[in-house]
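Working notes for the structure below.
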Amino acid sequence: MTVAVYQGVDGAYSQLVADHYLRARAIDAQTLGVPSYRAVAAAVAGLRAEVGAIPIENAIGGTVREAYDLVAEFALVPLEEVLWRTDHRLLGVRGAALEGVREVLAHPLVIAECGKFLGGLARARAIPCEDTGVAAREVARGGNPTIAALAPAAAAQMYDLIELAANCADDPRAYSRFLIVRAAHLREGGPLEQVAPAARRKTSLIFSLKDAPGALARCLQHLAQGGVNVSKLESKPRLGHGTEHTFYADLDGDIADAAVATALAAIKRDAKTLVVLGSYDAHAGAPIGANDGPVRATVERIAETRHVRQPSVFPDAALPRVSRGARPEGSTLQIGGVRIGDGEFVIVAGPCSVESREQILATAHAVERRGAVMLRGGAFKPRTSPYAFQGLGWDGVALLAEAGRATGMPTVSEVMTIDQVERMASQIDVLQIGARNMQNFDLLKAVGRTGHPVLLKRGLSATLDELLGAAEYILAEGNPNVILCERGIRTFETATRNTLDLSAVPVLRERSHLPVLVDPSHGVGVRRWIAPLCRAAKAVGAHGLLVEVHPNPAEAKSDKDQALTFDDFAEIVADLERIPIAGPVTQR
Ligand code: PEP
Ligand code: MN
């Protein structure tokens, strides 16, 4: 068994990095925590571990010189550089609250990275701790709600802690650099190096110079002449050698490159000492675990973003029934002859509103023949204007039920009030909770009490946490039959009716066992953009679609701009055949 060694205990960032490296290469390996960086180097050099992960630099705290020195001392071979975003969360035991925290255990570098956050906790003091894993473990062992740890989200899972705050670093771009190292005498080309070298290579050195004018400049000149970029340079006093300094440098390029080799040969002639640690694959792209999207440019923008990014209000521990852990294999709902969630891709179609017997029967037959398996139709319509068509009410419900029977399709329709729930459940197969009612908690409890299948739409500006929290209300009443539905959210974008958040699909499927449908009709609100988003929804792993179809969209009494014609619908269904059903959406 391959062993990857790191400094710390379970939950340390170094462990996450070691684990990431192994997984990226599909190496069946175990990570092993040891007490110090020296112990990491010794274990690797002594072949007790095939590979080690060691931090060499923190974007706030600077170079971890001891790590450079140990790579040199043990003649370790650097293989790869990993940039890891240090995404600190404040973790506490169950029952702890942010206001109650009096002590925060954290690695000294983490304390440095989270100065503003810690400053804001007026009644808490920071206590340095040897690593983030130890900090989390001590909090869990102590069981004291006034003591919390700054550690990554993974540590919360490992030690069964809850998140009291997220985004604790002053600068969300903060990261650490790690080197993956192996012993010099370990066979080259083994499983650790089976991946082709990265396009960009780096070389690290440690050198010392005579304490004389121009010595450093001459050295840098050799690099400049060869066109070699110096990406890092730092110095520290060379003990026992007067005022001389030792320099730690990283260069772009490989020792095998002629320009780098020539420059290093020249430096060797001028320098008092030179150790080339080796060349390795440079990290490509943003730090791992980084917030996707552009790096915020100014401090003001960061402050704004921190404000918007509220801490996750619902860590998985607060969603005992909805979170994936409650049913790791995933939930499948059986509604009439339709199964949702087990690998079939289901299409629910029908008009926004039931408008007449002819309209709903014609639509039901048309969509059923073209591939729909469930019929939708609103009878109680949540309209922005009180003067807009409000739906046919119970007459509409009866017509929808009739159309369902006529075509053999189960039906779905929205309930807006608690007193509609029982009667709707007696006629219709799936109770829809509309976006505007996603957090109508009494309504959620009422549909929860029925045990009837529920289609829960994401609120207009609801986070995924809030959607999952709403689902938890229904499950908490004893009703496990919930389908989540992404239907677009409000953003600054006005080109589309809403912004269809397809990233919700993998996130929801990772965090919850409940099936997920996508409603591109309300998501974009424009007929011609629905087809591509249907394809995207299937590709991204949705369990099915909810789309609006009308015999004559121009005449539709609600949502006419987004209604598909029967032909549009047929084309979409045919098109979807080309997209394979996505498997599990998350590779851990
Ligand atoms: C609907 O499905 O017709 C509807 C009103 O949807 P939402 O609640 O998502 O706006
Ligand atoms: Mn609609």
Subject >> Residue list for segment 532-566, filter: hydroxyl-bearing (Ser, Thr, Tyr) and within 16 Å of ligand 1 (Cβ to nearest atom) >> reply: Ser558
Original post:
Can you name the number of the only condition in (1) at pLDDT 95 or above; (2) surrounded by fewer than 17 Cβ atoms within 10 Å (Cβ to Cβ) that Thr494 fails?
Top reply: (1)
Original post:
Taking interchain pairs and intrachain pairs at least six residues apart, which have beta carbon atoms under 7 angstrom, with the first residue in segment 466-493 and aromatic (Phe, Trp, Tyr) and the second away from ligand 2 (no atom under 16 Å from the Cβ)?
Top reply: Tyr473/Phe441; Tyr473/Leu444; Tyr473/Lys445; Tyr473/Gly448
**OP:** Specify the residue that is surrounded by the most Cβ atoms within 10 Å (Cβ to Cβ); the eligible residues are those in segment 523-533 that are within 25 Å of the chain's Cα centre (by Cα) and within 16 Å of ligand 2 (Cβ to nearest atom).
**Re:** Gly523
Original post:
Taking segment 438-451 as the region of interest, how many residues are modelled with pLDDT of 95 or more and surrounded by fewer than 21 Cβ atoms within 10 Å (Cβ to Cβ)?
Top reply: 7
Original post:
Within the set of pairs 6 or more residues apart or between chains, which connect a residue that is in a helix (DSSP H, G or I) inside segment 507-524 to a residue that is away from ligand 1 (no atom under 16 Å from the Cβ) and not polar (S, T, N, Q) with Cβ atoms less than 6 Å apart?
Top reply: Arg509/Gly541; Arg509/Val585; Arg511/Arg324
Subject >> Filter result for Val397 (among the hydrophobic types (A, V, I, L, M, F, W, C) and in contact with a Leu (Cβ under 8 Å, 6 or more places away or on another chain)) >> reply: no
**OP:** May I ask you to verify whether Leu400 is within 16 Å of ligand 2 (Cβ to nearest atom), part of a helix (DSSP H, G or I) and touching a strand residue (DSSP E or B) at 6+ places or on another chain (Cβ under 8 Å)?
**Re:** yes
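Each row is one residue, and each column tells you yes or no for (1) of a type in the set (Gly, Ala, Ser); (2) closer than 18 Å to Val322 by Cβ; (3) within 16 Å of ligand 1 (Cβ to nearest atom); (4) in contact with a strand residue (DSSP E or B) (Cβ under 9 Å, 6 or more places away or on another chain).
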{"residue": "Thr384", "(1), (2), (3), (4)": "no, no, yes, no"}
{"residue": "Glu422", "(1), (2), (3), (4)": "no, no, no, no"}
{"residue": "Ser426", "(1), (2), (3), (4)": "yes, no, no, no"}
{"residue": "Asp429", "(1), (2), (3), (4)": "no, no, yes, yes"}
{"residue": "Ala435", "(1), (2), (3), (4)": "yes, no, yes, yes"}
{"residue": "Val447", "(1), (2), (3), (4)": "no, yes, yes, yes"}
{"residue": "Gly459", "(1), (2), (3), (4)": "yes, yes, yes, yes"}
{"residue": "Ala462", "(1), (2), (3), (4)": "yes, yes, yes, yes"}
Original post:
Got a number for residues in segment 41-62 being buried (at least 17 other Cβ atoms within 10 Å of the Cβ) and either within 13 Å of Val77 (Cβ to Cβ) or touching a residue at least 60 places away in the same chain (Cβ under 8 Å) (or both)?
Top reply: 14
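The values are calculated or read from the model by the stated rules, or taken from the named source; none is laboratory data. All values reported here derive from a predicted model rather than from experimental measurement. Heads up, the Cβs are rebuilt from the backbone with ideal geometry, glycines too, and the neighbour counts pull from every protein chain shown.
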